[in-house]
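Trainee: Let me give you the structure first, and then I'll get to my questions.
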Amino acid sequence: TGWMVFLAMVNPAAATAVSREGKALWQALSIPVPAADQLRGKLALGYLIVAAGMVPTALTAMALGIAPGLSLMALAVGLCAGLPMTTLSLLIDATRPKLDWNTPQEAIKQNVNAVLAMLADLAIAAVLAGAAIGLYGLDMAPLGLTCVLCALSLLLGLVCYRWLMARAEGCYQRLMQG
């Protein structure tokens with residue numbers, strides 16, 4: 001589970017999604033598609049990249065002899081934890097994108113938003129780890145622990161998603177103004 005949460009934390013796709021538009025952002029700002037819809041698309045792609053890394057990891061774990069049930073529970077927690085992490089990463093980039101860059105690599109590798117997103121994601125991971133440790137101390141069954149961690153992750157994801165959608169139009173309006 002920890003490895004899958006780590007994969008979600010270090011994925012810069014969502015944390016640089018708006019920044020990668022660069023000087024071409026004017027095109028996204030001028031099309032008749034609401035900011036919320038554009039950010040939903042960026043969120044979906046960022047999450048798909050996170051999920052694409054987790055599924056092979058779970059399959060590899062099973063091939064290495066880890067029980068399929070445990071591997072699938074780890075996958076479930078990882079996929080659920082990826083939702084708030086990806087959403088919060090996108091929110092950070094939508095709020096303060098780095099649009100002035102010379103090469104596409106600079107938009108990703110020299111973008112402080114990726115670091116800020118990793119730190120924010122680390123906070124989410126700490127909350128989930130704290131919950132897991134606390135529940136493990138109560139001798140909770142693995143399936144029950146998985147369900148609670150998934151529910152907590154989905155709740156955090158919903159909060160982050162609503163926050164992103166509430167700020168979407170304002171973020172794009174600020175970008176249009178300068």
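The values are calculated or read from the model by the stated rules, or taken from the named source; none is laboratory data. As the structure is a prediction and not an experimental result, all values here were calculated from the model. Neighbour counts are summed over all protein chains in view; Cβ atoms, including those assigned to glycine, are modelled from backbone coordinates with ideal geometry. Heads up: the accessible areas ignore ligands, DNA and RNA and are worked out on the full protein's heavy atoms, side chains in. Shrake-Rupley method; radii C 1.70, N 1.55, O 1.52, S 1.80 Å.
Trainee: Comparing Asp37, Asp139, Asp93, which has the greatest mean-square fluctuation in the GNM of the chain with Cα pairs linked when under 10 Å apart?
Mentor: Asp139
Trainee: Using the Karplus equation 6.51 cos²θ - 1.76 cosθ + 1.60 (θ = phi - 60°), what ³J(HN,Hα) coupling, rounded to whole Hz, does each residue of the range 144-155 give in order, writing x for Gly and Pro?
Mentor: Ordered by residue, 3J(HN,Hα) equals x, 4, 4, 4, 5, 5, 5, 4, 4, 4, 5, 5 Hz.
Trainee: Any chance you could run the full-extension gain for Trp163 through Ala36? It's 0.36 nm times the residue separation minus the Cα-Cα distance, nm to one decimal. All intermediate terms of the calculation are to be shown ahead of the outcome.
Mentor: Values: separation 127, 0.36 × 127 = 45.72 nm, distance 1.11 nm.
The span from Trp163 to Ala36 would gain 44.6 nm if fully extended.
Trainee: Do any cysteines in the chain lack another Cys Cβ under 4.7 Å, and if so which?
Mentor: That list is Cys147, Cys160, Cys171.
Trainee: Still on this structure: Just how large is the dipole of the chain about the Cα centre, in debye to the nearest 20, putting +1 at every Lys and Arg Cβ and -1 at every Asp and Glu Cβ? Show your work: numbers first, answer last.
Mentor: Working: 10 positive and 8 negative charges, 66 e Å.
Approximately 320 debye in magnitude.
Trainee: Here's a follow-up. Ala24 versus Leu138, label points 7 Å from Cα toward the beta carbon: distance in nm?
Mentor: Each label point lies 7 Å from its Cα, and together they span 5.0 nm.
Trainee: Let me ask something else. Can you send over the carbon and sulfur percentage of the accessible area for the chain, probe radius 1.4 Å, protein chains only? Please report the intermediate quantities before stating the final value.
Mentor: Numbers: 6670 of 9210 Å².
C and S fraction of accessible area: 72 percent.
Trainee: Ignoring ligands, DNA and RNA, what accessible area per residue does the chain give at 1.4 Å, in Å²? Could you put the intermediate results ahead of the total?
Mentor: Values: 9210 Å² over 178 residues.
Normalised by residue count, the accessible surface of the chain is 52 Å².
Trainee: Follow-up question, since we're still on this one. Roughly how many Å is it from the Cα centre of the range 154-176 to that of the range 64-114, as a whole number?
Mentor: 16 Å
Trainee: Only helical DSSP H runs with n ≥ 4 go in: add -39500 (n - 2.57) per run for the chain, normalise by residue count and round the 222 nm mean residue ellipticity to 500 deg cm²/dmol. All intermediate terms of the calculation are to be shown ahead of the outcome.
Mentor: Details: 7 runs with 138 residues, N = 178.
Theoretical 222 nm ellipticity from helices: -26500 deg cm²/dmol.
Trainee: Using the per-residue mean of other Cβ atoms lying within 10 Å as a proxy for protection, in what order, highest first, do the peptides 158-171, 52-65 fall?
Mentor: Numbers: 158-171: 15.9, 52-65: 13.9.
Final packing ranking: 158-171, 52-65.
Trainee: Where is the GNM fluctuation largest for the chain (alpha-carbon springs, 10 angstrom cutoff): Leu138, Leu155, Leu70?
Mentor: Of Leu138, Leu155, Leu70, the most mobile in the Gaussian network model is Leu138.
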